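Remarks on the structure that follows.
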Amino acid sequence: MDLAVTTLLNALTLISILALVGLGLTISFGLMNVTNLAHGEFVTVGAFTVYFVQSHGGSFWLGLVAAPVVGAAVGLLLEGIILRRLYERPVGAILATWGVSLILQQGIELTFGLGAKPVVPPLDGVIDLGVSAYPVYRLILIAIALLTLAGVVLLVARTRFGLDIRTVIQNRDMAEAVGINTRRTYAVAFGFGAAVAGLAGALISPLATVLPQMGVNYLANAFFVVIVGGAGSVFGLIAGSTFVGGLTSILNYQISPSLAQALVLLSAIVIVRFRPHGLVSIGGRA
Amino acid sequence: MKTMINRRDLLKQGAGAAMLAGTGLSFPGILRAADTVKVGLSIPVTGLQAILGETLMNCYKLAADELNAANGIAGRKVELIVEDNQTTTKGAVDKARKLIGQDKVDVVMGTIISLERSATLSVTSRAKKLFFYPTNFEGGECDRYFVATGPIPMQQVDPMAPWIVESLGKTVYIMGSDYAWPRKMTEAITAALEKAGGKVVGADFYPFGTQDFGPAFQKIKDSKPDIVWSMVVGNDAVTQLKQYRSFDMRQPLIAPLDEVFNKDALPPGVAAGTYAPQPYWMSIDSPANKAFIDGFRQRFGQDKMVNGIGEAGYNGLHLYALAAEKAGSFEDAKVLAALPSVEFDAPQGKVRIDGSNNHCVVNSFVGKAKDDGVGYEVVKSFGAIEPVTPYCKL
């Protein structure tokens, strides 16, 4: 019982992180058809925001609130200055975002210096769940991730903005014709994805190593999750994160971690072979 | 003839490199080379080992300054040529070639992790150029021109195993990064613990960039070892240690940390209470160590820390200087021949090179991190340990 609960919570931690990082990618990659190689840097920006706030005497929670704002700002800048001009040239966008990724990494390194930055966790210690004890902070991370994802689902399904987004995805020209400002919709959607990635970076920062290059680790995983799950839908994202995060956590416990990583990758290839549009493919997007 | 001497005098007074460049054509190469001894440094200034790289570089600068403040090496000034290998294989190969081929250095020193060392050695070995390596490593190298001034596993693990069984407990769980050093160390630890009456109850190796060590801690909680020995290195060590604390693990932790890493990369206090085997600690009480730390802080800042890798680099340059002076030559083979016969009064204690394998006779200490999580107190000293390498007889 203890084992099952701990494994479940470990898996949920990983799934939460993967889903939050992947969200912005599923928007840009799945909806806007832009392969954004600078997405990992939004995570880095979020984590460094927390470091910056903490090193100036602010609390972790202030950093957590500031991170998505900074993430969104960087995302909107990237969209407004570069991506906006490259929607018709997907290959150009890959190159450009890769360049931006390098610039951001080096820029952060020049600003904050070499090496890992310390971020102090807001809460120490474990909480006794009856059957097993688990770190409090991880439970908070899971809760915030679940709330954020629920919020996104509601936003897309129930609000005017969600309707606009869905319309623009289905047919951009038609959306324009019925009076939706598609430019603005794209920009806001992209900025929103960057904000959530920034939030993910902030949430990760007390657990992980805060480095200018940290985003790279998350970028590959995020693409992985989005492609396995099915690009372009929140439910696909959740399915992909659950598959990758869950399998990794369970296998990591059973076998050597390096082998576990290889097996997860292998099973993902098999899935994509038989379900080319991912576990949850959205209709009409063949 | 007269003008010739004047020019040389000018040069010796350090009238400047511009002078040298301007008139260089009129000098035979040998004359220029004779004025300095060139030490080529391959340092990870950027990349994954950047934090430790800076300290290592500064330790070489300190040793060079000390030598130059006296008589240089046999009357020649020490000139350091620093190259950034970017903590990559390609960088290390390119920079070693540049140092040897273009700069014509007398000796190559530096590098930290195994891939930098192997890459550099692939160049220095073929060029028959001396290469001094400062980091504690997995061993297994055997090359006439390769000199290791840091310890190999048997120098750290063999003396430490009986102490662990006696003072910390019998069963050990190992977590390591998935590469050569932790795997070789694990072999050494397994063998040494068995001899001492202890046991390795589990070992796991994690790919670089591992983000979540949760499943590992779950395994450890199940197998209930007395001690956890971590060899998760570099930036992953930060992740591992933060999460170790957050999971409220009770076992004593042996971790590959040092003063520099703790201060620059870890949140305050996280490392407190962890143990580490090292050939050098800042808290060693000796005049040589005091002079070393004072000299370092005077040059690079009063709040700076030094570590075992930096100290081994510093020792390497001093050992080279002593050997070259004794040999009366800077030829690689002659310096090498004189090397086992010199001894250096290092910050860690006396060190010398064992001529049978070109590895260093180093001191071996167990340190325990103080409450601030930065400095260490020496909890056990095993004295000087000879390097024994059944796989290598030079």
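Couple of notes before you dig in:
- Charge dipole of the stretch B:41-116 about the Cα centre (unit charges at C-beta), most positive-ward option of B:Pro44, B:Ala92, B:Tyr60: B:Ala92
- Comparing A:Leu207, A:Leu141, A:Leu25 in a Gaussian network model of chain A where C-alpha atoms under 10 Å apart are linked, the largest mean-square fluctuation is found at A:Leu207.
- Subset of B:Lys38/B:Lys128; B:Lys98/B:Lys393; A:Lys117/B:Lys290 violating a 27 Å alpha-carbon distance limit: B:Lys98/B:Lys393; A:Lys117/B:Lys290
- With the helix formula -39500 (n - 2.57) applied to DSSP H stretches of n ≥ 4, chain A reaches a computed 222 nm mean residue ellipticity of -24500 deg cm²/dmol.
- Value of [θ]222 nm, deg cm²/dmol, for chain B, DSSP H segments ≥ 4, -39500 (n - 2.57) each, nearest 500: -13500 deg cm²/dmol
- Of the complete DSSP H runs in chain A, those spanning 24 angstrom or more by Cα along the long axis with a mean Kyte-Doolittle score not below 1.0 are A:2-25, A:60-81, A:90-112, A:136-158, A:182-204, A:234-254, A:257-274.
- Reachable lysines, given that their alpha-carbon falls under 17 Å from the alpha-carbon of B:Lys199 and they are not under 8 places away in the same chain: B:Lys170, B:Lys184, B:Lys219, B:Lys221, B:Lys224
- Choice from A:Thr26, A:Thr49, A:Thr97 showing the highest fluctuation, given a GNM over chain A with Cα pairs closer than 10 Å: A:Thr97
- 5 angstrom amide H check on A:Thr209, placed H, neighbours 5+ away: B:Thr239
- Here's the list of aspartates and glutamates a cross-link from B:Lys370 could span, going by alpha-carbon distance under 20 Å and ignoring same-chain residues fewer than 8 apart: A:Asp124, B:Asp248, B:Asp258, B:Glu259, B:Asp264, B:Asp285, B:Asp303.
- Whole-Å semi-axes of the stretch A:2-213's equivalent ellipsoid (Cα gyration tensor): 32, 22, 14
- More than 44 Å apart - percent of Cα-Cα pairs taken over the protein assembly as shown: 31 percent
- Residues whose placed amide H lies under 5 Å from that of B:Tyr206, excluding near-sequence neighbours: B:Gly176, B:Ser177, B:Asp178
- Efficiency of FRET between B:Arg97 and B:Cys142 - r from beta-carbon atoms, R0 22 angstrom, step 0.05: 0.45
Computed from the coordinates by the stated procedures, all read-outs in this text should not be read as laboratory data. From a predicted model like this one, the values you see are computed outputs, not experimental measurements. For neighbour counting, all protein chains shown are included, and Cβ atoms are generated from backbone atoms with ideal geometry for every residue, glycine included.
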